[in-house]
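Have a look at the structure below, then the notes.
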Amino acid sequence: MKLKIIICLIVLIYSLNLVYAMGISPAYTNIIAEETRDYQGKIWIINNDQVGFKAKIYLEGELSQYFHLATKELSIKEDDEYKIIEFTANLSQFDLPGTFNTNIVIEQVLENAGKEEITSKVILK
């Protein structure tokens, strides 16, 4: 039992230095449908630790059918500080009162992950 705990701690400590930071700005956008029927926006995916990676981008949530992403895949190089994702929202056919949420999801694509590896990926909403 003690050996298993020690092995788990070693794996955890080893994997801590493999975790890197990725950010999104702005983190939140509030669109008031009564005031803005067509909205064009941008989000910045920030490569804080200057690490190259690929990501897939998709929508989820109650109003996702009213949103359109300019791109659904992203490749960030080590020397890229950020990448911009453009999106549009067409709320002209939406007339329900209330507050609704839609997320733009950026999910890191794991490349070269083998069956005998412990891996983790970053998913931001």
Selection status of Leu91, touching a helix residue (DSSP H, G or I) at 6+ places or on another chain (Cβ under 7 Å) and either in contact (Cβ under 8 Å) with a residue 60 or more places away in the chain or open to solvent by 40 Å² or more (accessible area, probe 1.4 Å) (or both): yes
Close pairs (8 angstrom Cβ cut-off, 6 or more residues apart or separate chains): at positive phi in segment 44-69, assigned to a strand (DSSP E or B) and open to solvent by less than 50 Å² (accessible area, probe 1.4 Å) anywhere: Gly61/Thr102
Residues of segment 21-50 that turn out to be open to solvent by less than 50 Å² (accessible area, probe 1.4 Å), among the hydrophobic types (A, V, I, L, M, F, W, C) and more than 28 Å from Pro97 (Cβ to Cβ), as a count: 4
Matching strands (runs of 3 or more DSSP E) fully within segment 8-117 where at least 3 residues are within 17 Å of the chain's Cα centre (by Cα) and modelled with pLDDT of 85 or more: 38-46, 53-61, 67-69, 73-76, 82-90, 102-109
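The values are calculated or read from the model by the stated rules, or taken from the named source; none is laboratory data. Here the structure is a predicted model, which means the values were calculated and not measured. Counting neighbours? That spans all protein chains shown, and the Cβs are built from the backbone with ideal geometry, glycine included. What goes into the accessible areas is simple: the full protein's heavy atoms, side chains included, and nothing from ligands, DNA or RNA. Shrake-Rupley method; radii C 1.70, N 1.55, O 1.52, S 1.80 Å.
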